[in-house]
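Okay, structure first, notes after.
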Amino acid sequence: MIFTVAIDGPAAAGKGTISRAVAAEFGFAHLDTGLLYRAVGAKGGDPIVAARTLSPADLARDDLRSMAAGQAASRVAVIAQVRAALVDFQRRFARADGGAVLDGRDIGTVICPEAEVKLYVTASAEVRAHRRWLEVGGDEAQVLAEVIERDARDMTRADAPLRPAADAKIIDTSTLSIADAIGQAIAIIRAAL
Ligand code: CDP
């Protein structure tokens, strides 16, 4: 069975948590596409070369979850040739037999516009920054400033900007528990299956 769940949204909205839960519920494969951009940013050197030569070892680095890696990711993610180098892998993953969940910024709009389910997971910037601060620590005001800066870069870039697909279902997790957010996503997918 070919069945793609595209989950897009801004930083720290809960995409990863929802994606993992949905993949486990339905037995689908899961790809965190942000990790690809984080690995390209962290590799250093020419980002276009880094994207074209990305290896499993690059994706296994233990420093990819940091705020710095997130900023580096969003800076290389504006480069059209970087995005182009990562398209085929993501498309193959999305349409492989057995069902797939991909989370990112452009899955429903660019990578897999034919996805059977498109979710746009969002929350207020303050709520998202608070969640990220609980993960990474440091100065919460600084975390908020970086989240806002990264969202602005992701939403205004020329190539594959972050925005909900016209047919995406919006899940605002600002006031939802994790269980309720996952429950909403599962109900939408179950109805489409
Ligand atoms: O986990 P978080 O939501 O903070 O970020 P992420 O999903 O790991 O993405 C890191 C950065 O990679 C984003 O800010 C985007 O600039 C870029 N990205 C992208 O451009 N397209 C994607 N499909 C996924 C991530």
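Read the figures in this text as sums done on the coordinates, not as results from a lab. Owing to the predicted nature of the structure, the values given are computational and were not obtained by experimental measurement. Virtual Cβ from ideal backbone geometry, glycine too; neighbours counted across all protein chains shown.
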Compactness of segment 1-115 - radius of gyration and Dmax, Cα, Å: 13.6, 40
If you line up the Cα atoms of the chain on their principal axes, what length do they span on each, largest first, in Å? 44, 36, 30
If you plug each phi of segment 65-70 into the Karplus form 6.51 cos²θ - 1.76 cosθ + 1.60 with θ = phi - 60°, what whole-Hz ³J(HN,Hα) values come out, in order, with x for Gly and Pro? 8, 5, 4, 4, 5, x
Check cross-link reach from LYS43 to the lysines: straight Cα distance under 25 Å, and skip same-chain residues fewer than eight apart. LYS15
Relative contact order of the chain (C-alpha contacts under 8 Å, at least 6 apart) in percent is 34 percent
With runs of 4+ DSSP H residues as the only contributors, calculate the mean residue ellipticity of the chain at 222 nm using -39,500 (n - 2.57) per run, divided by the residue total and rounded to the nearest 500. -16500 deg cm²/dmol
Can you tell me how much longer the chain between ILE188 and ALA145 gets when fully stretched, taken as 0.36 nm per residue apart minus their C-alpha distance, in nm with one decimal? 12.2 nm
Residues listed by number, segment 76-100, amide nitrogen under 13 Å from ILE2 label point at 7 Å toward C-beta: 91-100
Nothing charged except the Cβ atoms of Lys and Arg (+1) and of Asp and Glu (-1): what's the magnitude of the dipole of the chain about its Cα centre? Round to the nearest 20 debye. 320 debye
Note, segment 163-176: 3J(HN,Hα) by Karplus (6.51, -1.76, 1.60, θ = phi - 60°), whole Hz, Gly/Pro = x, goes 6, x, 4, 4, 9, 7, 8, 8, 10, 9, 8, 3, 10, 9
